[in-house]
Structure formats: C-alpha cells, structure tokens
1. Can you sort L100, L94, L19 from fewest to most other Cβ atoms within 10 Å of each residue's own Cβ?
2. So, counting K/R as plus one and D/E as minus one, what does the shell of residues with Cβ under 15 Å around R35 add up to?
3. FRET efficiency for A70 and R28, Cβ-Cβ distance as r, R0 = 25 Å, nearest 0.05?
4. If I take every Cα pair under 8 Å that is 6 or more residues apart in segment 4-98, average their sequence separation and divide by the length, what percent do I get for the relative contact order?
5. All other residues with a Cβ under 9 Å from the Cβ of D9 taken together, and with Lys, Arg as +1 and Asp, Glu as -1, what is their net charge?
6. Within a Cβ distance under 12 Å of R64, other residues only, what is the Lys/Arg minus Asp/Glu net charge?
7. How would F84, F33 line up from fewest to most surrounding beta-carbon atoms within 10 angstrom?
8. Extending each Cα 7 Å along its Cβ direction at V62 and E86, get the distance between those two points in nm, one decimal.
Amino acid sequence: MTELVVTLDLDGVTDKAGLMDRCARDLRLPAWFGRNWDALADSLSDRTVWPESAAEQGMRIVVRNWRPYAKARPDEWETAQEVFAEAVDRTSALSVLLALGGSS
C-alpha cells in the first residue's frame, strides 16, 4: 500500500494562529479542531480524523515553505516539531517530512 501524501504549505504563515489555520485547511481537520498544540498532536495521532484513504494506507505529511516561519518564530517552530515528532511516535502509519529547497 502507498501512503496518502498531504502537503502542509506554510507559505505566508507568520504565527501560531496562522499555523493552526493552515494545518486545519491542508490536513482537512474537523471543524471542532481546537487550534492548539495538544489538539494538533491528538488530531495527527487519531486516524479517525484523517482523510478516509489515509486511515487504511497511512499518511505522509510534507511540510513546505517552513523556513520563514521557523526563522520568524523559532520557539513556536520548535514546539511544532515536537508535536509532529510526538504524533509520529504515537502513530506508526504517520510520517512528517520537511521539504528542503524552494517553493517548487
């Protein structure tokens, strides 16, 4: 089986609120998503909120255009990385990759 690949594009994200909004949009999180670190970790670890095909196949999240956010908000970015790592540790069917290079 092939994992579902989902792009999380952080282009233009400048703060935590923007990151949470982008996660909700790009990862198609439910309307009740709490837009905080704990809610993000829980949502990433809960296959029932993943896109239907990902629940069976697994999901690979590719984070693009993350460097400007990481530079502007290093403490928040560190927390985001910890949340991604925690979710991956809790869910073997999930992987999160940071795309290097430009926006293409």
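Bear in mind these aren't lab numbers, they're just calculated from the coordinates by the rules spelled out. A quick note: this is a predicted structure, and the numbers were derived from the prediction, not measured. Here Cβ is always computed from backbone atoms with ideal geometry, including for glycine, and neighbour counts include all displayed protein chains.
1. L100, L94, L19
2. Within the 15 Å Cβ shell, the charges total -2.
3. After rounding to 0.05, the efficiency reads 0.60.
4. Normalised by residue count, the contact order of segment 4-98 is 36 percent.
5. Result for the local shell: 0.
6. -1
7. F33, F84
8. 2.7 nm
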